[in-house]
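Reading through the structure tokens given below for one structure.
None of the figures in this text is laboratory data; all of them are computed from the coordinates on show. From a predicted model like this one, the values you see are computed outputs, not experimental measurements. Note that we place each Cβ from the backbone using ideal geometry, even for glycine, and neighbour counts take in every protein chain shown.
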């Protein structure tokens, strides 16, 4: 595989300070203003390049590139110019234009990702220029600038750190890792190191949560990690959805079939010439018949009907917290095979939480009763820099805020206790000793020392242990072994473990440091924390699997953490050896090797943005429909490349939402399953509309073809066009809001290769269309054989009127049949859908008016029918239902 090029400065972590200063021709006092200005003019501002956007006019005309739309435009031209049916031409054009406007409206916000990236940039930066500290706009930063960072800052560019004082940076938007990264300035090995492990680098748009530091700007604008992602978003190709592919394929197939049939009818009519017309009149007459047939047979309302059904689906989904940005995404969800989900903030809560506490020789769940007098609770909240705001909101490092929240949850009055025992001194955390200590004055005049940190480091400094709430004794080797075993046990479950120690001293030493404070401590306990899975996520994973959808976790977190969370969620099961792979291992694979093994992996850990795109593409190349969920900047390229990108509405960045097809308003992974069900329902209902439209049109084609072949009077163009206008639109739209059929989530995903004609729909269209045609021809023949009026002209006029009424009304009866492909209409509650009932009634009235209203019948060249004739017409419709019910009965028996 040709790996996406990393940013030019991506390996600056291997250079020492002298090499960096020489590389960028700068110094520890910073650049001069003149040099900075020269570099700014040469390289441009520290801003992201805008992607090329389409104008409103371009987007509007893009809607007319669909093959079916082109055919309809040609049909409108022929209908108006050649056939002189200007009303029908106008109707077709109106449908096409409305469809285009709707498409533009839905997609007007499709390219907001780069704008959102630009808006994320921090407005100001603290730099040293001319030997002085200055505050400048972040856009004015240049490579070589010396930038100072402190807690609360947003990193303004990509920086190689020269100094770091207990600095931690939260990089989850870039790496997917929920825990802030401890930064250092030392040189790293000269080898490929994952982004999340580059401890001496600070990346643009990440957040400094603790400590301070400084460094040299090594990349600005598009030459940053965020800039690389912006470039990937620009380069990512929009994937055609299964819906669009199906409509295009269906439109092409229908068009060629219809054109061939129209040509055959034209030729047969010319050859037969039962009317005895002169050849020039015969040619014009048959051309009008062929053109009318073509226009009538093409389901010109199909794109509009599909659009309306999708729009109604988006409304329903919005009520269920799934906000659709692009209409085809509704249907695409229903065909999804793979859900590739980011871990942090999507499957997990993106909030560190205490899960286990080990004290007094016992491992307890976080929900267990822990007394406020327990030293482990006092240490974790005292040795802590979390700021508690007036409204109770906790601000600080996520690990430390989790400890304070744990205190709140166990009714430990942290603020009150700190007032009674205030902090008077401290030994700050540093990455070498991995400990933090605070000293608090007790009411009796003595001092309480609270120490928290890495278990192995703390154990080197303790000699006693809190055995019970009231007993302290000497620490034994057995105690140490047990503590280390508990630490290992929690770590293998992906818990981040901290140890708590304390002691009471009579006075504070003159020099407060690790050597004078952190010794002869009493071991209080261990605390195990994790970014926990969302409560509903495991059930959502189970539901996805039962629906035939494979959930895959993609995360920037460490392998052990990812594997543990995936196991807790049920994404992987015990014994799934080799189901977890890291980004470094993936880099060692060629595309061919990865393609062979991609089905093996369910969890991807320590990955970068290009890995996510590669994973999505690998599954797509297997013919799978891939949905990608995510909330970070790093997810945006994959969200755009996937068949459907699903962003998070609450925790998601504007970048990820801008690149998504759908946004979850509640960030609830389970909402995806709800959306999948809605998507399957939408596809099923579109299939019903297509089945209805195409079987009706096939009935019209067969009727006209056989009439021409037999030399009978032929239905006139105005009659065919009115049948289509009256019977197509309202029932077809109403079928789009049919209730969900039972068991729809027990079916396997359709996949990319399925079509609207799969699942028995194609064969149903064929036999039902033939049935409609044969019944219509039967009614025509019956009217000829048993005339009501005398006279050849009257007999044929009645027969043609009955054929016209039958062909129209039999379609309305058939609409009840297609409420379900195989289920009996009596099991799907035929009159439950009020919109459907109204649509059928309106269509019936539109047809009946042309026959019973004086003036209309002459306009449409039909005669009035008596009750017997109406009874025959309605009986033909009932016969249609009965025959289809019998066929369905045998189909159900065969399937069973």
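By how many degrees, between 0 and 90 and to the nearest 10, does the Cα long axis of helix 834-852 differ from the longest principal axis of the chain?
On a 0 to 90 degree scale, this one is about 20.
Could you tell me what % of all Cα pairs in the range 388-428 have separations over 17 Å?
Looking at the range 388-428, the distances longer than 17 Å represent 39 percent of pairs.
Would you calculate, for the chain, the mean residue ellipticity at 222 nm contributed by helices, counting each DSSP H stretch of 4 or more residues as -39,500 (n - 2.57) and dividing by all residues, to the nearest 500?
Rounded to the nearest 500, it is -15500 deg cm²/dmol.
Dividing the Cα radius of gyration by the Kirkwood radius, what Rg/Rh value follows for the range 649-688?
Looking at the range 649-688, the ratio lands at 1.10.
Report, to the nearest 10°, how far helix 867-895 tilts away from the longest principal axis of the Cα atoms in the chain, using its own Cα long axis and a range of 0 to 90°.
Approximately 40 degrees, to the nearest 10.
Report, in degrees rounded to the nearest 10, the 0 to 90 angle that the Cα long axis of helix 242-272 makes with the longest principal axis of the chain.
Taking the Cα atoms of the chain, the angle to 242-272 is about 10 degrees.
Take every DSSP beta bridge whose two residues both sit in the chain, then give the antiparallel share in percent to the nearest 5.
Bridges in the chain that DSSP calls antiparallel: roughly 75 percent.
Per residue, what volume in Å³ does the Cα convex hull of the chain take up?
Given the Cα convex hull of the chain, per-residue volume reads 205 Å³.
Would you please state which residues of the range 447-464 a label at residue 480 would reach in this model, taking the label point 7 Å out along Cα→Cβ and a backbone N cut-off of under 13 Å?
Residues 456-464 qualify, since their backbone N sits under 13 Å from the label point.
What do you get for Rg/Rh over the range 725-775 if you use C-alpha atoms and the Kirkwood form of Rh?
1.04
How big is the gap, in Å, between the Cα center of the range 433-457 and the Cα center of the range 476-555?
Between the Cα centres of the range 433-457 and the range 476-555 lies a distance of 18 Å.
By the gyration tensor of its Cα atoms, with a ≥ b ≥ c the square roots of the eigenvalues, what is the shape of the range 125-237: rounded for a/c under 1.5, prolate for a/b over b/c, or oblate?
oblate
What's the exposure ranking of 870, 256, going from fewest to most Cβ atoms within 10 Å?
256, 870
So what is the relative contact order for the range 353-530, in percent, with contacts set as C-alpha pairs under 8 Å and at least six apart?
Relative contact order for the range 353-530 comes out at 27 percent.
Order of 530, 733, 388 from fewest to most other C-beta atoms within 10 Å?
Going from least to most buried by this count: 388, 733, 530.
Please give the direction-averaged projected area of the C-alpha convex hull for the range 571-667, in square nanometres with one decimal.
6.5
Between residue 599 and residue 444, what is the label-to-label distance in nm when each label sits 7 Å out along the Cα-to-Cβ direction?
Computed distance between label sites residue 599 and residue 444 equals 7.0 nm.
I need to check one value: relative contact order of the chain, counting alpha carbon pairs closer than 8 Å and at least 6 residues apart, in percent.
13 percent.
Between residue 709 and residue 368, what is the spin-label point distance in nm, taking each point 7 Å from the Cα along the Cα→C-beta axis?
Calculated label separation equals 8.4 nm.
To two decimal places, what compactness ratio does the range 781-851 give when its Cα radius of gyration is scaled by 2.2 N^0.38 Å?
Normalised by 2.2 N^0.38 Å, the Cα Rg of the range 781-851 equals 1.45.
Taking neighbour counts of Cβ atoms within 10 Å as a proxy for exposure, in what order, fewest first, do 184, 510, 432, 864 appear?
510, 432, 864, 184
When the Cα centres of the range 369-386 and the range 656-710 are compared, how far apart do they sit, in Å?
58
Rounded to whole Å and sorted largest first, list the principal axis extents of the Cα atoms in the range 353-530.
If we take the Cα atoms of the range 353-530, the spans are 37, 36, 33 Å.
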